[in-house]
Amino acid sequence: RHGADALVSHGLWSVSRHPNFAGEMVFHVGVMLAGIAGATSAAAALLSALAPSAFLGVMRGATRRLEERQLLFFERAPPELRDRWRAYVQSTPRLFPLPAAVQPRADPIVAEVEERQEQETRGDEIAGILGITAGAGAVTAAVGLIGWLLVS
């Protein structure tokens, strides 16, 4: 697939799901550090840190919203594309490729993907159980109806 609905998982996207946002964040951390280093007072250092820190929060929020939209899109995609996206999300860090010991454990999109996979598995099991139950229920209803007709 190509275009807006393509899954890009090569190049920089093989080490970060959002390398463009990660780059922006690194840039603003650099701006913050340069501002603090050049500050001539505590107030100037605080002000130098304020705007870049706010921007980091905005970027984290934008990343979260984008991933929510991607979740909606890819979960409705054909199974092959959906499964490739799920594997990509589970194997690629959101922003920064960090060692496993340092990598944040609670990635909400990964948790959501795993929950949906679990629901599908349970859904398959439940569908099988419901199929058996429905078959048994139909037989029971038929027997009950015949019994009622015979007694009436």
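The values are calculated or read from the model by the stated rules, or taken from the named source; none is laboratory data. Note that the structure is predicted; figures quoted are calculated from it, not measured. For neighbour counting, all protein chains shown are included, and Cβ atoms are generated from backbone atoms with ideal geometry for every residue, glycine included. Accessible surface areas use protein heavy atoms only, side chains included; no ligands, DNA or RNA. Shrake-Rupley method; radii C 1.70, N 1.55, O 1.52, S 1.80 Å.
Go through (1) without any contact (Cβ under 8 Å) to a residue 12 or more places away in the chain; (2) within 15 Å of ARG116 (Cα to Cα); (3) hydrophobic (A, V, I, L, M, F, W, C) for LEU71 and report which single condition fails.
It is condition (1) that LEU71 fails.
When you go through VAL26, VAL8, VAL31 one by one, which is the residue that is closer than 30 Å to LEU72 by Cα and open to solvent by less than 70 Å² (accessible area, probe 1.4 Å)?
After ruling out the rest, the residue left standing is VAL8.
Out of SER48, SER91, I need the residue that is closer than 17 Å to VAL113 by Cα, modelled with pLDDT under 90 and among the small types (Gly, Ala, Ser). Which one?
SER91
Please determine, by comparing only the residues of segment 34-67 that are in contact with a helix residue (DSSP H, G or I) (Cβ under 9 Å, 6 or more places away or on another chain) and of a type in the set (Ser, Thr, Tyr), which one is least open to solvent (accessible area, probe 1.4 Å).
Filtering first and then ranking leaves THR63.
Can you tell me how many residues in segment 1-59 are of a type in the set (S, T, N, Q), assigned to a loop (DSSP other than H, G, I, E, B) and under 30 Å from ARG82 (Cα atoms)?
2
Identify all residues within segment 60-100 that are in a helix (DSSP H, G or I) and of a type in the set (Gly, Ala, Ser); write none if there are none.
Across segment 60-100, the qualifying residues are GLY61, ALA62, ALA87, SER91.
Does any residue in segment 105-125 that is part of a helix (DSSP H, G or I) come within less than 7 Å, Cβ to Cβ, of a residue that is surrounded by 14 or more Cβ atoms within 10 Å (Cβ to Cβ) and modelled with pLDDT of 75 or more six or more places away or on a different chain, and which pairs are these?
ILE109/GLU67; ILE109/LEU71; ILE109/VAL89; VAL110/VAL89; GLU112/LEU71; VAL113/ARG86; VAL113/VAL89; GLN117/ARG86
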